[in-house]
Structure formats: C-alpha cells, structure tokens
C-alpha cells in the first residue's frame, strides 16, 4: 500500500515511513501552503506517515486588506 495525500481534487501517493514534510516536498506541495489532517486531527511536519494513511490537505489562504494606513482612517476629535 501507500500513503495518500489529497489536496482539492488531486491525489498524490507517497511511500509510508516518510515524514509529512518529506512527503509534501516529494508531491510538489509547498508545506507552508497547507494544513494537514489525518482522521480529522491536524498533524505536524515531523509526523511519520504509515501505510494506508489518508492525509487531507487544506489550502491555507493568506493575505487580506492592506492595513498599513488604517490608523489614519478615522479622525480622532481633538478637545476644544
């Protein structure tokens, strides 16, 4: 058997006995771009994957509004 990594509609197979980090690299998945879960539990990069494991990868979305100037967005009234 093998270990299955599932990301969206793609499946990757890797050898058991590898760490999650090594398996992600082998599959060409950027480790910082996903959160890995096995049986509904989050797993970390140094986790050793076992034969028959199915690891679901959830894409991490980063970014958002540019808040560098948000402090200036609202005027604070000055006392008279």
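A few points about this structure:
- Just so you know, in the stretch 54-80 the residues that are closer than 30 Å to residue 22 by Cα and surrounded by fewer than 10 Cβ atoms within 10 Å (Cβ to Cβ) include one that is modelled with the highest pLDDT, and it is 61.
- Filtering the stretch 7-24 to residues that are within 13 Å of the chain's Cα centre (by Cα) and surrounded by 14 or more Cβ atoms within 10 Å (Cβ to Cβ) leaves 7, 20, 21, 24.
- Failed item in (1) touching a helix residue (DSSP H, G or I) at 6+ places or on another chain (Cβ under 8 Å); (2) loosely packed, with under 11 Cβ neighbours inside 10 Å, with residue 51 passing the rest: (1)
The values are calculated or read from the model by the stated rules, or taken from the named source; none is laboratory data. None of the values given here were measured: they were computed from a predicted structure. With ideal geometry, Cβ positions are generated from the backbone for all residues, glycine too; neighbour counts draw on all protein chains shown.
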